[in-house]
Structures are given as C-alpha cells and as structure tokens.
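See structure below.
The values are calculated or read from the model by the stated rules, or taken from the named source; none is laboratory data. All values reported here derive from a predicted model rather than from experimental measurement. Note that each Cβ is placed from the backbone with ideal geometry, even for glycine, and that neighbours are counted across all protein chains shown.
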Amino acid sequence: MAEKMHDTPMLDELESGPWPSFVTGLKRLAAQEDKPYADMMKDLLGQLELSYNTRMGYWKGGAVSVFGYGGGVIPRFSEVADKYPASSEFHTLRIMPSPGMHYDTKTLRKLCDIWEEYGSGLIALHGQSGDIMMQGCTSENVQKSFDEINKLGFDMGGAGPAVRTSASCVGMARCEHACYDTQVAHISCVNSVLDDMHRPALPYKFKFKFSACANDCTNSIHRSDCSVIGTWADDIQVDQEAFKQIVADRGRKEIIDQVIAMCPTRALSLNDNDTLDVDNSSCVKCMHCINVCTKALSPGKKRGATICVGGKRSLKIGDLMGTVVVPFLPLETEEDYEALVELGENIIEFFAENALEHERCGEMIARIGLPNFLEGLGIEVDPNMIIHPRISSYVRIDGDEWEEEVGKWNQRKAVAAE
Ligand code: SF4
C-alpha cells in the first residue's frame, strides 16, 4: 500500500522564502506516485520533519559497498525506521565527475534514468568533494545501480580515509585565463593514485583540486590538501591599443579607482597617453587587473602552476590556507605533467607514512615542521615560498649572511636549470 504524505509544517516554512527550496524538490519526487521512489521520499520528508522538531539527526552509518571497492558509498540507515520504513535505507553513491565537469545532455539523461530506476531520483551536481552525489538508495540496489553507472564510463569516488574525488575548473576548455590544462592534470593525478581512492588505507582523507588561474574557481587553496593553481612566470601581456579603448569607454577616473588603485602591490601605472605600465617584478599575479580588463590584459606566456599543500578550513588546529611548496612548476609539456603526478604521489606517500590517525596533511606539516616536510620530499627551500597568499616569505631574507645565502640559492637554481 502506498505511504501517505506526512504533515510537514516546519519544512513547509522553508518553501516560503524568496529562494527555491530543496523541500519543493523532495515533495515533487514524493508526488510522483507511479515511480518506485515515491514512498521513500514521502517517508524521508516525514523523518526530516521529525528531525526539525526534535533537533536530532536519525541517520547512522554502517558498511555498504560494491565489489572491488572499499569506499565510495556513504551508508545511511534510519534509526526511526519503524515510523518511516520506506526510507529506512538511504545510501549515497559518490561518483567521480568528469574533469572540468563537462557532460553532454545524453549522459545526464542516462544518469537520471538510472537513478529513477534504482534510487530516489535525487542527484546533487556536485557535492562538496566534487562528486556526483547519487542520493537515496537501498542496500539491495547499490550494486545494481553502480553497475549501470559504471557501464556509462563513470567510476566510484572516494570516501573515508582515502584520496578523495578531485575537482578541476573548466580551464582551457572555455577560459582564456587558463595557465595550464586542468583536465589533463586532474585525470593524470587521480589515475596515478586510484588504488588509494578505491581502497581507503591512508591516515585520513587527502584531496587534490585544480584551478587554472589564481581566481581559483575550485577554491582549492582552502579546500584541498594539494592545490594546483595556474600562474605565469614572465610578464603580463598588455594589448596597449585595447587598453586605450577601455580607458576611452570607461574614463580615466574609473580605471584609476578600479584597476590601478586596486592592485595590491601598486604594480600598475596609467600613462598620460592612456597606456599602461606594469612593474612585473612587483606583480603578485592576483589576477585582479586581468579580470577587469580582459580584452587588454592576459597572463604571460610562460605558464604553469603554483603547488600549495596543507589547506583546509577548518582543521583541529584552526583554518589553514595551502602553503606554497613549489612556487612555479611549468606545465606545458607531457614531461611537466609527469613531474606534477610524481610530486602528488610523493606527497601522498609521505603523508601515508608520517601522518597520525585522523590528521590532515596541513596538521601533519604543522606538527613536524615545514623544513622536515620539504626535506622529506626533497624540495629546496625557496624565498618564493609563502605560508599565506600575498604575505611575505617565511624564508628569512635579512641578517648578516644574506648575501652569502642568496649566492648559494642562485647557484642551486643555476645548477637546476642546466
Ligand atoms: Fe597587480 Fe594583481 Fe595585476 Fe599583478 S595581477 S599587476 S598584482 S592587479
């Protein structure tokens, strides 16, 4: 017998605001009486209303997985299954997205069809980890639905103490600011550590995120343990004629207020003839001037990425931004991408061997000290390393031995460049 719709006065309140409510979506699924998930969604709404009333959560974990994988399914069993039997099991399958989150509509329709047949019809594109979240599935249907999703070419994402599903921005596919190919970097890094994603065996979770420029559209700097952010090592490219046109269209005052004065390092100056001078040695590659004068300015030609490690908000020791451990890694040739993959593997290996149980990479670095982390990875200390974006280097650049230290560093760089 079909379940009745429960009274949900508190959830109904959530539909009264100006924004679309998730409650409306859940009710829409519950109202589809001809679908196998209608009862599940009715009872889900009932349990949710109960949670809002009692301010208690009623989901508990358990062990549910698919053959060959140790993670990727988030099991959810209801503690109030006697009252809401149809939603007694409401597991989530984490499915890895395509890099850059590109899909064709045919694929999206197929994913929807699979989930209408085996799940609740409820899909989140995308969860906080970047996954396609197929939410609401019974234990019996977990394997069946994954087999169908797998046939479409998708793989299970990460869950538990594992390498987690990665996210990458749209990158070179559509963005003129992209300084490297996020899709290639994403797929190469993930494929090289797939075992650590499918079979959770790390001290705690580890996330990569890939942004092709410092706008950091994946928020990688504070949402990943290894953040790969596109940047450039030479001069900003300036099309002076296009810049003059922007000044003509928007007026000198607006350009001074919104471009020149907003440069955090005062690296820009507007000439009397409306052309632009850039002091590239002072530029910290924040992207502001490029964002607001897109037609006239673009990143330099020598492109690559800055690698930051240990970001996450919030950790047990507070919020951490990723620390710069590689100021500039060129990412143009196949060998460059292989170097990135190798660095990622080394960081995970070091993390696996040195982190304590339930300790994220940033916490491990804070505990053992950055010099030990760098030494473990065989990375030379570099004055361009910083602990926060846009602050001074943590490498001391004063004192009596300054000249001597600079000399040594330049010598090491010269040897590395040969
Ligand atoms: Fe200034 Fe940022 Fe433009 Fe560099 S990218 S010149 S720091 S506004």
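Could you list all residues from the stretch 353-366 that are part of a helix (DSSP H, G or I) and surrounded by 14 or more Cβ atoms within 10 Å (Cβ to Cβ)?
Step one: list which residues in the stretch 353-366 are part of a helix (DSSP H, G or I), which gives 353-354, 361-366.
The answer is Asn354, Cys361, Gly362, Glu363, Met364, Ile365, Ala366.
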Starting from the stretch 251-280, take each residue that is farther than 17 Å from Val238 by Cα and list its partners that are away from the ligand (no atom under 15 Å from the Cβ), counting only C-beta distances under 8 angstrom and pairs at least six apart or across chains. Arg252/Asp274
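Answer yes or no as to whether Gly57 is assigned to a loop (DSSP other than H, G, I, E, B), touching a His at 6+ places or on another chain (Cβ under 9 Å), free of Cβ contacts under 8 Å to residues at least 40 places away in the same chain and among the small types (Gly, Ala, Ser).
Values: assigned to a loop (DSSP other than H, G, I, E, B): yes; touching a His at 6+ places or on another chain (Cβ under 9 Å): no; free of Cβ contacts under 8 Å to residues at least 40 places away in the same chain: yes; among the small types (Gly, Ala, Ser): yes.
Taking the combined requirement at face value, the residue does not satisfy it.
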Name every residue in the stretch 219-246 that is farther than 14 Å from Ile290 by Cβ, aliphatic (A, V, I, L, M) and surrounded by fewer than 21 Cβ atoms within 10 Å (Cβ to Cβ), in order of residue number. Ala233
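Take the residues in the stretch 166-199 that are in a loop (DSSP other than H, G, I, E, B) and touching a helix residue (DSSP H, G or I) at 6+ places or on another chain (Cβ under 7 Å), then tell me which one is surrounded by the fewest Cβ atoms within 10 Å (Cβ to Cβ).
So in the stretch 166-199, the residues in a loop (DSSP other than H, G, I, E, B) come out as 166, 169-170, 174-181, 193, 199.
Then keep just the ones that are touching a helix residue (DSSP H, G or I) at 6+ places or on another chain (Cβ under 7 Å); that gives 166, 169-170, 177-178, 181, 193.
Details: Ser166: 31, Cys169: 29, Val170: 17, His177: 20, Ala178: 20, Asp181: 23, Val193: 21.
Looking at the filtered set, the residue picked out is Val170.
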How many residues are closer than 18 Å to His91 by Cα, among the aliphatic types (A, V, I, L, M) and outside any helix (DSSP H, G or I) when one looks only at the stretch 1-38? 0
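To keep it simple, each residue is scored yes or no on (1) over 30 Å from Met172 (Cα atoms); (2) touching a Phe, Trp or Tyr at 6+ places or on another chain (Cβ under 7 Å); (3) assigned to a helix (DSSP H, G or I).
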{"residue": "Met40", "(1), (2), (3)": "yes, no, yes"}
{"residue": "Leu44", "(1), (2), (3)": "yes, yes, yes"}
{"residue": "Phe67", "(1), (2), (3)": "yes, no, no"}
{"residue": "Gly71", "(1), (2), (3)": "yes, no, no"}
{"residue": "Val80", "(1), (2), (3)": "yes, yes, no"}
{"residue": "Leu108", "(1), (2), (3)": "no, no, yes"}
{"residue": "Leu111", "(1), (2), (3)": "no, no, yes"}
{"residue": "Gln128", "(1), (2), (3)": "no, no, no"}
Within the stretch 372-380, does at least one residue satisfy the condition of being under 28 Å from Asp234 (Cα atoms), at pLDDT below 85 and more than 20 Å from the chain's Cα centre (by Cα)? yes
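Taking only the stretch 317-352 into account, find how many residues are assigned to a loop (DSSP other than H, G, I, E, B) and of a type in the set (Asp, Glu).
In the first step, residues of the stretch 317-352 are kept if they are assigned to a loop (DSSP other than H, G, I, E, B); the result is 317, 321-322, 331-333.
Checking the rest, the ones that are also of a type in the set (Asp, Glu) come to 332.
Here the count works out to 1.
Just checking, how many residues over the stretch 291-320 are among the aliphatic types (A, V, I, L, M) and in contact with a Ser or Thr (Cβ under 9 Å, 6 or more places away or on another chain)? Step through it out loud before you land on a result.
Filtering the stretch 291-320 for residues among the aliphatic types (A, V, I, L, M) gives 292, 296-297, 305, 307, 309, 315, 317, 320.
Okay, now just the ones that are also in contact with a Ser or Thr (Cβ under 9 Å, 6 or more places away or on another chain), so 305, 307, 309, 320.
The total comes to 4.
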